[in-house]
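A quick write-up on the structure given underneath.
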Amino acid sequence: MKAWRRVAAVARKDLLLEWRGRDAVLPAGSFGFAVLLVLGLVSGGGGEAAPSALWVSVLLAAVLAAGRGADREGEEGTREVLLLYPGSREDLFWGRWLALCVVLLVLAAGLWCAQVLLFDAPTRGAGVLILAALLATAGLGAAGTLLAALVAHVRAGPLLMPLLFLPATVPVLLAGVRLSETAASGAPAGPWWGVLVVFDLLFLLVGPVLFELVVEG
Amino acid sequence: MRAFAVGGTAALLSVGLFLALWGSPPDAYQGEYVRIMYVHVPAAVSAYGAAAVAFGAGALYLWRRDRRWDFVGRAGAELAALFSGLTLLTGMLWGKPVWGVWWAWDARLVTTAVLFLLYVGCLLVRDLADDPERGRRLSAAVAVLAFLDVPVVHYSVVWFRTLHQGPSISLQGVKLAPEFLLPLAVNAVAYLALLSVLLAERARLASLEGER
């Protein structure tokens, strides 16, 4: 089987399970919405707090969503079966990454809508926001896929996942907030596009290599 | 050899401490608080060094699966957590009297805290893994990942507008008066010697634990 077909098969499997069960998007999305509400409440709900609230909620929802795929395989005992299939395990990484990116994009879009309604945030600069969301999703997806596989065989894995994921993805949070602010105000973006691109490149290069080593039996 | 290394390091640390407390004049702006720099900067340099060791040993362990690299990597990760924690602590002790706050939301401070947390995660992953071999592999992977933060910490003061001052010693030159440079250099060497001794001792202890 060609590599891209393996990647597509893994991504299809994850997305199909998600479509049938909705056990990542719904809980993670609801959690992200709860985070938005709490942040809105404590910050007074002003428009200036909207970008921070949006990206914090996306990041925290991403922690839950990223861990869900690996949890599902653990619960159903399919992880070992998947590893027994012939071919490179890198393809598993890319398949999971693709599926997680789709889930994260859905979450980001839903949370952005909620943020616009709750914070009365401006909707200017949609192009900048979409590009930022795509770049952020690529990096968060890679970090999430790698770290979810890493904590899958660790006691208290769900507790360790945020401890590793949140510090590692601070650049995405910062860049996302700053780019959202500049999209609304029209100010120059400064170094933040570069920060997102470098983060993506690092995790997309290192992620598959470490993933292969991490998922070994 | 071991006694010589420990003795030499103790002597270097003593000379460094003497120079920091009595050999350095107070700074015109910071006053006596400048003396914290003689622990803070060497601790940060040692944290980078320990992180580099954890990265190199982690990568070699993942490649060769030789337990000896794991012993070194474990020591490196523990010392990276220790020295980055010490860097944060001394930075906060200096920050309160000089900046007026214990903590500032500054790129250098946040990236150093991120480095500390990543090494804490690295150590936890090892201890909480469901089997020891997997723990070694996972913590080596996290050590490789965590090292990516080191250049971000170092260059954060160049890339971003930060409250933390830029590098005083760089390829562009030295922006430090000689009376401050000498104690700083001696303490940096002393801390790197301390790092080497602690690395060797911790790796030896880990190998003895591994042989049981």
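The values are calculated or read from the model by the stated rules, or taken from the named source; none is laboratory data. None of the values given here were measured: they were computed from a predicted structure. Positions of Cβ are generated from backbone atoms using ideal geometry, with glycine treated the same way; all protein chains shown enter the neighbour counts.
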**Report entry** Subset of region A:160-170 (residues that are part of a helix (DSSP H, G or I), more than 8 Å from every other protein chain (Cβ to nearest Cβ) and crowded, with 22+ Cβ neighbours inside 10 Å)
**Finding:** A:MET161, A:PHE165
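Conditions (1) in a strand (DSSP E or B); (2) out of contact with any Pro (no Cβ under 9 Å at 6 or more places or on another chain); (3) among the hydroxyl-bearing types (Ser, Thr, Tyr), marked per residue:
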residue: B:LEU124; (1), (2), (3): no, yes, no
residue: B:ARG137; (1), (2), (3): no, yes, no
residue: B:ALA140; (1), (2), (3): no, yes, no
residue: B:VAL150; (1), (2), (3): no, yes, no
residue: B:SER156; (1), (2), (3): no, yes, yes
residue: B:PHE180; (1), (2), (3): no, no, no
residue: B:ALA190; (1), (2), (3): no, no, no
residue: B:LEU199; (1), (2), (3): no, yes, no
Query - Hits in region A:137-159 (condition: at pLDDT below 90 and either at the interface with chain B (Cβ under 10 Å from one of its Cβ atoms) or part of a strand (DSSP E or B) (or both)) - result: A:ALA152, A:HIS153, A:VAL154, A:ARG155, A:ALA156, A:GLY157, A:LEU159
Requested in this report: Kindly indicate which of B:VAL157, B:VAL125 is within 14 Å of chain A (Cβ to nearest Cβ), over 21 Å from B:LEU79 (Cα atoms), touching a residue at least 12 places away in the same chain (Cβ under 8 Å) and not polar (S, T, N, Q).
Outcome: B:VAL157
Query raised in the report: Which one is modelled with the lowest pLDDT, of the residues in region A:66-97 that are aliphatic (A, V, I, L, M) and within 20 Å of A:ALA168 (Cα to Cα)?
Result: A:ALA70
Query raised in the report: Only one of A:LEU173, A:LEU213 is in a helix (DSSP H, G or I) and facing chain B (nearest Cβ under 9 Å); which?
Result: A:LEU213
Report summary line: Among the residues of region B:64-84, the number that are more than 14 Å from B:LEU195 (Cα to Cα) and surrounded by fewer than 24 Cβ atoms within 10 Å (Cβ to Cβ) is 7
Query raised in the report: Of all residues in region B:85-113 being surrounded by 21 or more Cβ atoms within 10 Å (Cβ to Cβ) and among the β-branched types (Val, Ile, Thr), which is modelled with the highest pLDDT?
Result: B:THR87
Query raised in the report: Does region B:4-19 contain at least one residue that is surrounded by 22 or more Cβ atoms within 10 Å (Cβ to Cβ) and in a helix (DSSP H, G or I)?
Result: yes
Query raised in the report: For A:PRO162, all conditions in the list (1) modelled with pLDDT under 90; (2) within 15 Å of the chain's Cα centre (by Cα) hold save one; what is the number of the exception?
Result: (1)
